[in-house]
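Colleague: Following this message is one structure expressed as structure tokens.
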Amino acid sequence: MEESVRPSSTVRTPPPHIDLQAVPRPAETAAEPADVLEPGTAPLSRTMPAAWERRYWAWVVGSDVFAVALVIAVSAYIIDRVAPHDMHAFGTAAAVLCSLPLSRAWSQRVLGEGAEEYRTLGRGLILAAVVVAFGGLLFGALEVQPWVFIVVPAIALVAFPQRYVLRQVLHRRRRHGRCLLPVMAAGSADTVADLIERTRKEAHVGWRVEAVCTSGTGAERDSGEIEGVPVVGELDELARHVRRGGYRVVAITADQYWSPRRLQQLAWDLEGTSAEMVVAPVLMEVAGPRLNVSGVLGMPLLRVTAPSFSGGRRVVKEIVDRCGSAFLLTLLFPLLLVIAVAVKLGDRGPVIYRQRRVGRDGATFTMLKFRTMVTDADRIRAALEADNEGAGPLFKMRRDPRVTPVGAILRRYSLDELPQLINVLTGRMSLVGPRPPLPEETEKYAPDARRRLLVKPGLTGLWQVSGRSDLTWAESIRLDLRYVEDWSLALDLVILWKTFRAVVFGHGAY
């Protein structure tokens with residue numbers, strides 16, 4: 001990045017309309033709202049995690065230890081009665097409790113948000129299983145097989161739900177304005193405003209922007225606040241305000257002021273504070289396992305690996321798709337039969353609605369759904385174009401007169417989508433992926449939107465768990481492209497679970 005044309009950092013007098021002493025700072029607040037697990041926390045420390053963070057970490061570690069102790073105790077009682085081996089239980093417990101911190105499963109940076117928490121927990125348990133298996137081979141104790149293939153997976157079955165429950169408690173507190181990390185945002189007025197809006201919309205992330213440093217002039221800058229958050233100074237005064245305020249996160253957003261040298265100096269200036277410096281990647285929207293930082297020629301470089309559309313992980317995804325769809329079809333067969341009868345009795349029309357959709361690499365296929373509209377719905381659509389509420393090339397109506405009474409219920413809970421499990425079983429769709437588009441939609445695609453066709457469309461996806469029909473066209477494209485670029489097995493599992501919740505509560509469906 002080129003050096004900014006702005007002059008080098010100098011201390012500026014704050015604008016007269018801003019009273020820096022009146023701006024509330026985290027260290028000066030009367031008390032942090034109640035923590036996740038019990039009320040009454042101390043004010044934020046400048047050098048240590050807040051009381052609620054320490055308690056949340058303790059509850060996470062305690063829940064994992066409880067899961068290990070419970071499963072090991074039950075397993076030892078059952079297995080040792082058949083073939084007594086007292087050291088196997090102790091060795092397995094030690095392997096798990098050592099592997100979890102080594103895999104960063106107890107790192108505060110990954111707790112409470114994103115798929116990384118579950119990834120680290122999974123890696124820790126896999127590492128423990130490998131250690132137990134290797135120890136059995138090393139000492140000639142072949143009786144460790146049940147401990148590797150039964151006991152460690154059983155620990156996972158207890159530990160993962162416990163983590164999920166604790167996370168939901170934390171997220172509920174955050175939605176009520178509690179357990180939030182105080183953030184200082186620094187960048188241009190537009191990018192800071194976008195960050196503030198995102199933190200308010202997605203409170204579960206745990207950020208609360210409490211002060212802003214920005215550059216230049218403008219209506220927001222001159223008014224002394226951006227989106228209701230006070231502007232306390234300019235960008236070259238950032239480090240001083242962070243040290244005074246005790247903020248936990250310093251969020252750097254795009255601005256021509258930021259150069260590599262200034263960012264490096266800021267990182268040095270923030271050493272010894274409680275603040276974590278977070279820099280927004282303004283060049284591209286890429287995240288997850290594709291990003292790696294490495295040193296090349298003495299420079300820290302952000303490596304962005306190419307997205308993976310084939311290989312071992314995709315083979316695993318294919319196996320999970322086929323096996324998962326077969327299992328779900330078997331499990332849900334009674335429900336499918338009831339729905340089919342209800343649709344048939346509704347108006348005596350066909351039960352299944354077949355529609356041409358576009359799949360991977362632009363190949364078309366016939367997608368199956370339970371019919372939710374009157375039999376001549378396609379003919380009537382032309383008369384309803386003026387009432388279209390959909391974004392982009394999509395046609396959507398909140399109160400579509402073509403929807404039957406039975407169809408309204410099916411749509412509310414996405415039960416009309418269940419026959420697509422047959423499409424997944426036959427390999428034309430995936431359990432998780434971008435939304436399957438209509439041929440006429442793809443004809444209007446911009447080049448970036450066509451990247452959705454690089455992978456199989458999904459029965460569910462990021463669009464399903466992020467608003468469904470309430471999303472704008474641009475948001476749905478962004479989410480689908482994010483999935484295509486940053487796909488991982490852990491992300492698939494998170495999406496599947498969130499889909500179950502979205503379907504049960506009927507959020508954003510019509």
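Colleague: Mind telling me which of the residues Gly433, Gly461, Gly407, Gly427 ends up being modelled with pLDDT of 90 or more, in contact with a strand residue (DSSP E or B) (Cβ under 8 Å, 6 or more places away or on another chain) and not aliphatic (A, V, I, L, M)?
Modeller: Gly433
Colleague: A further question on this structure: Of the residues that make up region 39-51, is at least one surrounded by 17 or more Cβ atoms within 10 Å (Cβ to Cβ), under 23 Å from the mean Cα position of the chain (by Cα), modelled with pLDDT under 80 and not β-branched (Val, Ile, Thr)?
Modeller: The answer is no; no qualifying residue exists.
Colleague: Just the residues that are at pLDDT 75 or above, over 21 Å from Glu116 (Cβ atoms) and open to solvent by less than 20 Å² (accessible area, probe 1.4 Å), please, taken from region 467-510.
Modeller: Selection gives Ser476, Ile477, Asp480.
Colleague: Out of curiosity, is Val165 β-branched (Val, Ile, Thr), closer than 25 Å to Arg55 by Cα and either assigned to a helix (DSSP H, G or I) or open to solvent by 20 Å² or more (accessible area, probe 1.4 Å) (or both)?
Modeller: yes
Colleague: Sticking with this one: Taking region 352-373 on its own, how many of its residues are of a type in the set (A, V, I, L, M) and crowded, with 17+ Cβ neighbours inside 10 Å?
Modeller: Adding up the residues that qualify gives 4.
Colleague: So, one more: Just name the residue that is nearest to Leu238 (Cα to Cα) out of those in region 168-191 that are of a type in the set (Gly, Ala, Ser) and open to solvent by 20 Å² or more (accessible area, probe 1.4 Å).
Modeller: Ser188
Colleague: Separate question: Mind listing just one residue for me: the one in region 115-156 that is part of a loop (DSSP other than H, G, I, E, B) and open to solvent by 30 Å² or more (accessible area, probe 1.4 Å) and, of those, modelled with the highest pLDDT?
Modeller: That would be Phe139.
Colleague: Something else now. Scan region 423-466 for residues that are within 19 Å of Leu332 (Cα to Cα), in contact with a helix residue (DSSP H, G or I) (Cβ under 7 Å, 6 or more places away or on another chain) and either open to solvent by 10 Å² or more (accessible area, probe 1.4 Å) or in a loop (DSSP other than H, G, I, E, B) (or both) and report the count.
Modeller: 4
Colleague: Here is a list: Val338, Val304, Val316, Val293. Which entry is at pLDDT 90 or above and open to solvent by 50 Å² or more (accessible area, probe 1.4 Å)?
Modeller: Val338
Colleague: For region 204-213: of the residues being free of Cβ contacts under 8 Å to residues at least 40 places away in the same chain and open to solvent by less than 20 Å² (accessible area, probe 1.4 Å), which is nearest to Trp57 (Cα to Cα)?
Modeller: Val212
Colleague: Could you tell me whether Phe160 is open to solvent by 50 Å² or more (accessible area, probe 1.4 Å), at pLDDT 85 or above and aromatic (Phe, Trp, Tyr)?
Modeller: Details: open to solvent by 50 Å² or more (accessible area, probe 1.4 Å): yes; at pLDDT 85 or above: yes; aromatic (Phe, Trp, Tyr): yes.
The answer is yes for Phe160.
Colleague: Now for a different question. Kindly list the number of the only condition in (1) surrounded by 23 or more Cβ atoms within 10 Å (Cβ to Cβ); (2) closer than 30 Å to Ala239 by Cα; (3) touching a Ser or Thr at 6+ places or on another chain (Cβ under 8 Å) that fails for Asp194.
Modeller: Asp194 satisfies every listed condition except (1).
Colleague: I would also like to ask the following. Residues of region 343-400 being under 24 Å from Asp448 (Cβ atoms) and modelled with pLDDT of 70 or more, which ones?
Modeller: Arg356, Arg357, Val358, Gly359, Arg360, Asp361, Gly362, Ala363, Thr364, Phe365, Met367
Colleague: Another question about this same structure. If you check Arg198, Arg174, which single one turns out to be assigned to a helix (DSSP H, G or I), under 21 Å from the mean Cα position of the chain (by Cα), under 25 Å from Trp258 (Cα atoms) and not aliphatic (A, V, I, L, M)?
Modeller: Details: Arg174 fails: under 25 Å from Trp258 (Cα atoms).
Going through Arg198, Arg174 in turn, just one is assigned to a helix (DSSP H, G or I), under 21 Å from the mean Cα position of the chain (by Cα), under 25 Å from Trp258 (Cα atoms) and not aliphatic (A, V, I, L, M): Arg198.
Colleague: Follow-up question, since we're still on this one. What single numbered condition from (1) within 20 Å of Ser188 (Cβ to Cβ); (2) at pLDDT 80 or above; (3) open to solvent by less than 70 Å² (accessible area, probe 1.4 Å) fails to hold for Val279?
Modeller: (3)
Colleague: Taking Glu285 as meeting all but one of (1) at pLDDT 80 or above; (2) surrounded by fewer than 16 Cβ atoms within 10 Å (Cβ to Cβ); (3) of a type in the set (D, E, K, R), write down the number of the exception.
Modeller: (1)
Colleague: State all residues of region 249-267 that are part of a helix (DSSP H, G or I) and either under 25 Å from Ala50 (Cα atoms) or basic (Lys, Arg) (or both); if no residue qualifies, say none. Spell out the reasoning first.
Modeller: Pass one, region 249-267, residues part of a helix (DSSP H, G or I): 260-267.
Residues satisfying the conditions are Arg261, Arg262, Leu266, Ala267.
Colleague: For Thr404, state whether it is open to solvent by 10 Å² or more (accessible area, probe 1.4 Å) and within 30 Å of Arg314 (Cβ to Cβ).
Modeller: no
The values are calculated or read from the model by the stated rules, or taken from the named source; none is laboratory data. Predicted model, so just to flag it, every value in this text is computed and none were measured. Using ideal geometry, Cβ is built from the backbone for each residue, glycine included, and neighbour counts are taken over all protein chains shown. Quick note on the areas: whole protein, heavy atoms, side chains included, nothing else; ligands and nucleic acids left out. Shrake-Rupley method; radii C 1.70, N 1.55, O 1.52, S 1.80 Å.
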